[in-house]
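Heads up, the thing below is written out as structure tokens.
The values are calculated or read from the model by the stated rules, or taken from the named source; none is laboratory data. Computed from a predicted model, the values in this text were never measured in an experiment. With ideal geometry, Cβ positions are generated from the backbone for all residues, glycine too; neighbour counts draw on all protein chains shown. Note: areas computed on protein heavy atoms with side chains; ligands, DNA, RNA excluded. Shrake-Rupley method; radii C 1.70, N 1.55, O 1.52, S 1.80 Å.
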Amino acid sequence: MNSIILKITAKYLKPVFIVFSIYVLLRGHNSPGGGFIAGLLASSGILFYSLTYGSDAINQTYLKPKSFIILGLVGILLSATIGFLASKPLLTGVWHTFKTGLFEVKVGTPLLFDSGVYFLVIGSLLTITSSIMEEIEWK
Amino acid sequence: MKGMLTLPILIPLIAIPILLVIKNNRIKRIISISATAALVVVSVHLLQTVQQSGIQVMNIGNWSAPIGIPIVIDLYSAIMLIMAGIIGFCISIYASKNIGSQRENHHFHPLFHALLLGVNGAFITGDIFNLFVWFEVMLMASFCLLILGNERAQLEGAIKYITMSLISSFLFVAGIGLIYGETGTLNMADLARIIEDDDAMLMNTSAMLFFIAFGIKAAIFPFFYWLPASYHTPPAAVSALFAGLLTKVGVYAMVRFFTLFFVHNDAFWHTLLLVVAGATMFIGVIMAASQNDIRRILSFHIISQIGYMIMGLGIFTPLAISGAIYFTFHNVMAKTNTFLVAGIINSLKGSYHIKTLGGLYKQHPLVAFIFFIPAMALAGLPPLSGFFAKFVLVKAGLESNEYLITFVALLVSIITLFSMVKIWGHAFWKSEENGEHDSTRRPALTLVIPCVLLCCISAGIGIGANYCLELTTSAAEQLLDKKHYVEAVLKISEHENPH
């Protein structure tokens, strides 16, 4: 699309969408948010950009859609099976606390699971949209 | 040890990303075949475990049962898992030749494993909302498999299939919502406990919603028309997979629900089930008799055979349920096999139409043999599996004085034999019209091996019917005595989480 306003807006909105999506992803454990909605936000940023710049822009963003899907599936698998190491049932949350000076950061498999969902949602949405855009030759 | 219980879903889940990463089709096939072989081994092992030490339960995420989601494997689930594993294994071999490299490049293999993931998940979950999620996993994968290849007929079939599936999913969720509002739980064992001492009349609305939702998925009488409209469009391996597994998951869910917690008002429900079963059998087989495309004949037969399984559920004695389980297993093996052989015939002759086919018996005796076994198993000739399956159902029908449905079952059996003979007579015995045939073309070995394997199973469970029926009878007794299920799920959770 040849609107200069749209082009510039899309260019600057994409990082905003993605940063906000990571914020939503991280707050998801105790408050509204999480992997699915964050994935939708991130992919809407990327899609807004590629609707303006054409379907090639999807394949040029960060990773290919398929790689997002693989990354997501591997993340989910890891988070599900890490519980086995502690001989707990599937998907049991395993937590570890890192102490770095002032902060105390708790990292656990639920975050890994949420990140997996995040990438899976991005990958699936980009795959669907890019195949439709290629079909109708959206340049 | 408890980790074993999750393997039926973990194996396909691990296979999917691996199959997505790999580019070489040959390696993809090997991985696909070995993953499904692992599924068979695991499910046989699970069956043995359940036989030795009763119903196996595992709480996902270590959340106790009424709140968390349990994985529950009883004998019925284990038998269904073995069935899915065997079908997966045979079709992964068959697909390596049949599906074509273009579809393989467009992710046939990951989708195939996603379908197995959904099917296995549905067989082992102990939570009705989780069951819905597994249904959706299975449906998503089946939508993609159905349209993979983008042929015109495929898209036309897919629209009907997707529309009906979405309606069914909608009714399913509506039923779940109602039952949650009434009882406050979604755990199957908890539901069984609550509904027992609750006013059961309130459950009829949600029971009817579930009945229609599973009915659409299982393709029973008024809701079957999507099936013959879509099953004959994709390649043979995919049709065979759908024919074998998809409708049976609907049957599984129906049997599970109507033995575990919708056991009230049996005068109404069992009559309804029997009427539907009779109509499904009869209409399916009559419509099959009027078709001329092999795959359409077989598609209508799927519907007709579903009727027998519902008949077992409707009679509702241990013997009848046992017959229904045995029939499901037999039917999946034989039906998948006939679809696979139809694919071989197409690869040899380039047609599915029985009027143009002919002379196969003379040119390809092996193909004729591997079609004859499952076709006669479906028709119910001894000593093949179908005879014992129908015998048990008929015996159960006579014992509980359900003479009408028994008569319909026997009549349908004869018409089934008629349409199998119709395919046999046209495609195999009739001499080919244009006379010219090159008998040098042999069916590929990778196509024949899975069919031979399934033939052996059809004959094997017929000859070993005594052992198999003992197994299915104890599965049926376990289903009808729901106390075991409830205790296994609710007690173990208290034991694991004492606080």
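Summary of values
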{"item": "Computed magnitude of the charge dipole of the protein assembly as shown (debye, nearest 20; Cβ of K, R +1, Cβ of D, E -1)", "result": "1900 debye"}
{"item": "Residue-level accessible surface for B:Ile31, protein heavy atoms, 1.4 Å, Å²", "result": "40 Å²"}
{"item": "Listed residues A:Gly54, A:Val107, A:Leu90: farthest to the positive end of the dipole of segment A:4-135 (Cβ charges)", "result": "A:Val107"}
{"item": "Positive minus negative residues near B:Ser474 (Lys, Arg vs Asp, Glu; Cβ under 11 Å)", "result": "-4"}
{"item": "More than 37 angstrom apart: percent of Cα pairs within the protein assembly as shown", "result": "38 percent"}
{"item": "Surrounding net charge for A:Thr97, when Lys and Arg each add one and Asp and Glu each subtract one, Cβ distance under 15 Å", "result": "+1"}
{"item": "Accessible-area composition of the protein assembly as shown, carbon plus sulfur, in percent [1.4 Å probe]", "result": "67 percent"}
{"item": "Selection from B:Ile162, B:Ala207, B:Leu148 lying farthest towards where the dipole of segment B:106-225 points positive, charges on Cβ", "result": "B:Leu148"}
{"item": "Where GluC sites (Glu not before Pro) in DSSP loops with at most 11 other Cβ within 10 Å are excluded, longest remaining stretch of chain B", "result": "B:1-432"}
{"item": "Residue among B:Ala288, B:Leu313, B:Ala444 farthest towards the positive dipole end of segment B:265-463, charges placed on Cβ", "result": "B:Ala444"}
{"item": "Residue-normalised accessible area of segment A:4-135, given per residue in Å² at a 1.4 Å probe", "result": "56 Å²"}
{"item": "Formal net charge of residues neighbouring B:Ile306 (Cβ-Cβ distance under 13 Å; K, R +1; D, E -1)", "result": "+3"}
{"item": "Difference of contour (0.36 nm per residue) and Cα-Cα distance, B:Phe268 to B:Asn204", "result": "22.0 nm"}
{"item": "Chain A - charge dipole about Cα centre, Lys and Arg +1 at Cβ, Asp and Glu -1, debye rounded to 20", "result": "320 debye"}
{"item": "Per residue accessible area of chain B, 1.4 Å probe, in Å²", "result": "36 Å²"}
{"item": "For residues of A:86-93, the mean tally of beta carbons on other chains within 10 Å", "result": "6"}
{"item": "FRET E, pair A:Asn59, B:Arg442, Förster distance 41 Å, beta-carbon r, rounded to 0.05", "result": "0.40"}
{"item": "Violating pairs (Cα-Cα greater than 27 angstrom) within the set A:Lys64/B:Lys2; A:Lys66/B:Lys335; A:Lys14/B:Lys160; A:Lys64/B:Lys28", "result": "A:Lys64/B:Lys2; A:Lys66/B:Lys335; A:Lys14/B:Lys160"}
{"item": "Residue among A:Lys88, A:Lys11, A:Lys106 with the largest mean-square fluctuation in a Gaussian network model of chain A, springs linking Cα atoms under 10 Å", "result": "A:Lys106"}
{"item": "Projected label distance in nm at B:Glu136 and B:Lys395, using a 7 Å step from Cα toward the beta-carbon", "result": "4.4 nm"}
{"item": "Buried accessible area, chains B and A (both chains, 1.4 Å probe, Å² to nearest 100)", "result": "1200 Å²"}
{"item": "Pairwise centroid distance, computed over Cα atoms, of segment B:408-427 with segment A:35-81, Å", "result": "52 Å"}
{"item": "Using alpha-carbon coordinates, inclination of helix B:482-496 to the longest axis of chain B, degrees", "result": "70 degrees"}
{"item": "Highest-fluctuation residue, A:Leu90, A:Leu112, A:Leu26 considered, GNM on chain A with Cα pairs under 10 Å", "result": "A:Leu90"}
